[in-house]
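Remarks on the structure that follows.
The values are calculated or read from the model by the stated rules, or taken from the named source; none is laboratory data. Predicted model, so just to flag it, every value in this text is computed and none were measured. Here Cβ is always computed from backbone atoms with ideal geometry, including for glycine, and neighbour counts include all displayed protein chains. What goes into the accessible areas is simple: the full protein's heavy atoms, side chains included, and nothing from ligands, DNA or RNA. Shrake-Rupley method; radii C 1.70, N 1.55, O 1.52, S 1.80 Å.
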Amino acid sequence: MKPLSSFVWTAAFVAPVTSLCAAPIPGLFNTGVDGDGLLLPGDGAVDPHYEMVVSADPSLPGPDAVTLAPGFPVGPWLAEGPDSRWIAPQAASGNGLGGEYRFRTSFDLTGFDADSARIEGEWGVDNEGLDILLNGVSTGITNFNGFGALTPFTIDSGFIAGENTLEFVVFNAGDATANPIGLRVKMRGTVEVPGEPPSIVEAPASQTLFAGEP
């Protein structure tokens, strides 16, 4: 009988497992917070990240979008905090004439892979959310659930290199009589760095094999 070979060898190679790590989208903020993401004071603080670029009320042309004074309409509206506030054309009950209002925020994807960007969020409106525009283009996202809770949304295409804009289109019911109109947004976004070098995320492991084994 032919003796079995006793030759063994040790392999210490595995194919590297690579990972592209997604980073938070810089400059993306909830409504009603400061640069550190902390709640702004109530009663008319100007939101530094959102502008009212369309207003149905000539007496409230913007561009300032402000926090609400305490009290009504919060009560039927979702309570303020802990990480976002309502913004409106004015602090006093958020009152404005009926019609369309648009609130714009912007963020910069310079140095990132814009095709990999993704935003997940929630929004509340009084009275209806007609659309969310990304860089002036409709996403087809609507919100007819109103102001008692936040409604989820996801945007995963349409981003560009450089500065991007989001516009939340809100319709206020009524016409000649001013009544509450407001917007509430919570969102988070991720994006990848283009050409990020591969990294080993699983350490190589040694293995003992008999001759002839794969």
Handout entry: Inter-residue pairs, beta-carbon under 8 Å, first within 13 Å of Gly44 (Cβ to Cβ) and in segment 61-79, second open to solvent by less than 70 Å² (accessible area, probe 1.4 Å) and of a type in the set (Phe, Trp, Tyr), 6+ apart
Key = Ala65/Tyr50; Ala65/Phe103; Thr67/Trp86; Leu68/Trp86
Exercise for the section: Grab the strands (runs of 3 or more DSSP E) fully contained in segment 114-214, keeping just those with 3 or more residues being surrounded by fewer than 16 Cβ atoms within 10 Å (Cβ to Cβ). Expected result: 207-210
Exercise for the section: Filter segment 93-113 for residues that are surrounded by fewer than 16 Cβ atoms within 10 Å (Cβ to Cβ), at pLDDT 95 or above and out of contact with any strand residue (DSSP E or B) (no Cβ under 6 Å at 6 or more places or on another chain) and give the result. Expected result: Thr110
Fill in the blank from the handout: Val53 passes all but one of the listed conditions (1) touching a residue at least 60 places away in the same chain (Cβ under 8 Å); (2) within 17 Å of the chain's Cα centre (by Cα); (3) within 20 Å of Phe168 (Cα to Cα); (4) outside any loop (DSSP other than H, G, I, E, B); the exception is number (2)
Handout entry: Residues that are more than 14 Å from Gly124 (Cα to Cα), small (Gly, Ala, Ser) and open to solvent by 30 Å² or more (accessible area, probe 1.4 Å), drawn from segment 76-92
Key = Ala92
